[in-house]
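Just so it is clear, none of the values below were taken in a lab; they were calculated from the coordinates. Since the structure is predicted, the reported quantities are computational estimates derived from the model, not experimental observations. Here the Cβ positions follow ideal geometry from the backbone for every residue, glycine too, while neighbour counts run over all protein chains shown.
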Amino acid sequence: MSKLTNEKKRTLAERMFIDEGMTAKSIALELDTTEQTLGRWRKGKTGEKDWDTRRAELLAAPHKIKEILTKELQNIAEGNKPLIDADALSKVGKVLEGISGKVSTQIVLSVFKEFDNWMADQEPETAILFLDWHKKFILYKASLE
């Protein structure tokens with residue numbers, strides 16, 4: 001890993017911390033950097049949210065809750081004891097969706113994807129027109145978040 005530039009290491013560390021949920025210690029070992037350096041990176045660049053806030057937001061996103069529940073379902077299906085209180089997690093997710101007052105970009109993306117696949121089977125030419133507008137709307141919605 002020593003051949004990576006610091007900026008590339010930072011980008012990798014950010015993904016490992018936020019998306020993969022790795023600890024600072026394990027990231028430091030993996031990327032051959034210090035925990036102190038990771039501490040500075042975690043604070044975020046000027047004008048952006050820190051990594052801890054972004055990881056918390058990701059974990060609370062409906063698609064992430066679904067992913068966690070799916071992993072738990074697989075764990076139980078394999079005959080293992082539950083690792084999480086899935087019922088409580090599901091309830092919290094529903095409350096978060098309800099109080100946000102808005103549909104998340106991830107949900108919009110999921111619905112558009114399903115619609116676009118269905119529309120492609122119905123009328124492919126029209127589906128292409130919808131696809132372009134769906135992309136524009138998703139970019140617009142993401143810019144608001």
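For the chain, the residue among G79, S26, S143 whose Cα projects farthest onto the positive side of the dipole built from Cβ charges is S26. Helices in the chain, meaning DSSP H runs of at least 4 residues, each add -39500 (n - 2.57). Divided by all residues, the mean residue ellipticity at 222 nm is -24000 deg cm²/dmol. Set against the labelled values [x] 11, 43, 37, 8, 1, 0; [y] 12, 41, 32, 13, 2; [z] 10, 26, 28, 27, 9, 1, P(r) over Cα pairs in 10 Å bins from 0, in percent computed from this structure falls on [z].
Between region 115-136 and region 54-89, the alpha-carbon centres lie 32 Å apart.
Would you mind counting up the charge near D116? Only other residues with Cβ under 14 Å from its Cβ, with Lys and Arg at +1 and Asp and Glu at -1. That sum, taken over residues with Cβ under 14 Å, equals -2. Against the chain, whose longest principal axis is taken from its Cα atoms, helix 124-144 shows a tilt of about 40°.
Note that region 67-77 has calculated 3J(HN,Hα) couplings of 4, 5, 5, 5, 5, 5, 4, 5, 4, 5, 4 Hz, one per residue in order, obtained from phi through the Karplus relation 6.51 cos²θ - 1.76 cosθ + 1.60 (θ = phi - 60°); glycine and proline are x. In the chain, taking the dipole from charged Cβ atoms about the Cα centre, the farthest positive-side position among P124, T11, Q36 is held by Q36. The charge dipole of the chain, taken about the Cα centre with unit charges on the Cβ atoms of Lys, Arg (+1) and Asp, Glu (-1), comes to about 700 debye, rounded to the nearest 20. May I ask for the angle, rounded to the nearest 10°, between helix 6-18 and the longest principal axis of the chain, with both axes built from Cα atoms and the value confined to 0 to 90°? Orientation of helix 6-18: about 60 degrees from the principal axis.
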